[in-house]
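Beneath this line is the structure, given in structure tokens, with notes to follow.
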Amino acid sequence: MTLMPEDAEDRRAIKPVICYPNDSLKPAPMAVYAAARTGATKLSETLVPPREARCFHVPAGHFIRISSVEGSQVGDLNIWNANDLSERFYSGKTRALHGTHVTTGDRLWSSFPTMRPMATVVEDTLGWYGIDEFGGSVHDVIGTRCDPYTSHLLNETQYHHCCHSNLTRALAVETGLSLHEAEAHVHDVLNVFMCTGFSRDTGQYFMKASPVRPGDYLEFFAEIDLLGGLSACPGGDCSAEHSSDTAACYPLLVEVFAPAQGSLEGWTPPSVNAYDRSHGSAT
């Protein structure tokens with residue numbers, strides 16, 4: 001049995017310090033993006049079937065909209081540099097810089113050593129949700145993705161339509177990589193429309209019914225050339241199960257919009273991180 005020290009309450013009462021104050025981050029030029037979005041034209045659309053994933057390409061300076069079209073449905077999003085799959089979305093650092101859930105004005109950051117904005121959230125029709133009484137919020141960067149390994153560990157199942165497997169298959173089809181090669185590039189996701197948090201008593205990751213409804217969407221500005229992969233999660237709205245063939249599931253729509261010619265004059269894609277990569281070594 002652990003004994004409580006006499007100064008336990010004093011230790012608990014110490015005020016927290018934000019690990020990564022983001023005041024020094026250069027703010028996204030939201031007015032520029034808004035002007036470019038006005039008059040933008042649809043370039044392509046991809047319908048992601050329930051319990052499946054699809055890939056899509058987004059040129060730098062274009063807009064990506066992910067929409068609910070038929071019913072309450074969450075999606076697991078991977079993004080890569082379209083020209084170099086080793087540069088990919090870094091959910092952990094995005095979480096450290098912006099918080100557990102993202103919304104308008106937040107950016108999706110790439111992995112080391114490039115560590116730069118890959119996309120910026122420009123519109124979020126669920127921005128009204130905020131943080132609920134349970135500590136839940138929408139569009140999280142705290143979960144990983146439902147996967148067959150954890151399912152087998154907990155339930156000894158061989159389930160193949162979890163988001164990890166869906167994204168693996170979709171990336172293999174899109175790139176011509178083998179399944180094993182593609183799987184190595186699948187990474188922790190942005191859980192689009194998913195409502196999640198941590199339980200107050202045990203600190204466990206929880207999910208609850210998503211507030212998303214047909215017509216809701218999350219829209220991004222592509223800061224670099226992107227390859228995206230989106231899985232329509234087998235949990236549907238994630239109100240009950242994470243990986244399931246019985247949950248009500250619906251498609252998700254991905255649309256790519258091209259800005260009007262000249263509307264992004266002066267904008268340039270972000271440079272890679274300027275750290276010199278010497279890591280303190282003289283050699």
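The values are calculated or read from the model by the stated rules, or taken from the named source; none is laboratory data. The structure presented is a predicted model; accordingly, all values stated were derived computationally and were not measured. Don't worry about glycine lacking a Cβ; one is built from the backbone with ideal geometry, like all the others, and counts go over all protein chains shown. Accessible surface areas use protein heavy atoms only, side chains included; no ligands, DNA or RNA. Shrake-Rupley method; radii C 1.70, N 1.55, O 1.52, S 1.80 Å.
The modelled label-to-label distance for the pair F112/E241, using points 7 Å beyond Cα in the direction of Cβ, is 4.0 nm. For the chain, excluding the exposed loop sites themselves (trypsin sites (Lys or Arg not before Pro), DSSP loop, at most 16 other Cβ atoms within 10 Å), the longest remaining stretch covers 1-199. Only helices enter the 222 nm calculation for the chain: every DSSP H run of n ≥ 4 contributes -39,500 (n - 2.57), and dividing by all residues gives -4500 deg cm²/dmol, rounded to 500. With all protein chains in place and a 1.4 Å probe, the accessible surface of the chain carries 54 percent carbon and sulfur. For region 125-283, the residue among Q261, L153, V272 whose Cα projects farthest onto the positive side of the dipole built from Cβ charges is L153. Legend: calculated FRET efficiency, A274 to A31, from the Cβ-Cβ distance at R0 = 41 Å, rounded to 0.05, equals 0.95. Dipole check for region 1-101: with +1 at the C-beta of Lys and Arg, -1 at the C-beta of Asp and Glu, and the Cα centre as origin, the magnitude is about 380 Debye. Remark: the D10-R200 segment gains 66.4 nm on full extension, using 0.36 nm per residue and subtracting the alpha carbon distance. Charge tally around M115: other residues with Cβ under 10 Å, Lys/Arg +1 each, Asp/Glu -1 each, net +1. When GluC sites (Glu not before Pro) are flagged only if DSSP places them in a loop and at most 11 other Cβ atoms lie within 10 Å, the longest unflagged stretch of the chain comes out as 7-132.
Approximating the spin labels as points 7 Å out from Cα along Cα→Cβ, the E133-to-S24 distance works out to 4.2 nm.
This model, with +1 at the C-beta of Lys and Arg and -1 at the C-beta of Asp and Glu, gives the chain a dipole about its Cα centre of some 440 debye. Computing log10 I(q)/I(0) by the Debye sum over Cα atoms at q = 0.07, 0.09, 0.12, 0.14 Å⁻¹ directly from the structure and comparing it against [x] -0.24, -0.40, -0.73, -1.01; [y] -0.28, -0.45, -0.78, -1.03; [z] -0.31, -0.52, -0.89, -1.14 singles out [y].
For region 107-251, a crude dipole built from +1 on the beta carbon of Lys and Arg and -1 on the beta carbon of Asp and Glu, taken about the Cα centre, is about 100 debye to the nearest 20.
Along the axis of the charge dipole computed for the chain (Cβ charges of +1 for Lys and Arg, -1 for Asp and Glu, origin at the Cα centre), the listed residues L77, V141, P27 are led at the positive end by P27.
In the chain, the sites counted are chymotrypsin sites (Phe, Trp or Tyr not before Pro) in DSSP loop states with at most 14 other Cβ atoms within 10 Å, and the longest stretch holding none of them, exclusive of the sites, is 135-274.
When the Debye formula is applied to the Cα atoms of region 23-96, each taken as the same point scatterer, what base-10 log of I(q)/I(0) results at q = 0.18, 0.19, 0.20, 0.24 Å⁻¹? Each listed q maps to, in turn, -1.11, -1.20, -1.28, -1.35.
Computed extension gain for V173 through L43, at 0.36 nm per residue and net of the alpha carbon distance, reaches 44.7 nm. Accessible area per residue for region 124-271, computed on protein heavy atoms with a 1.4 Å probe, is 45 Å².
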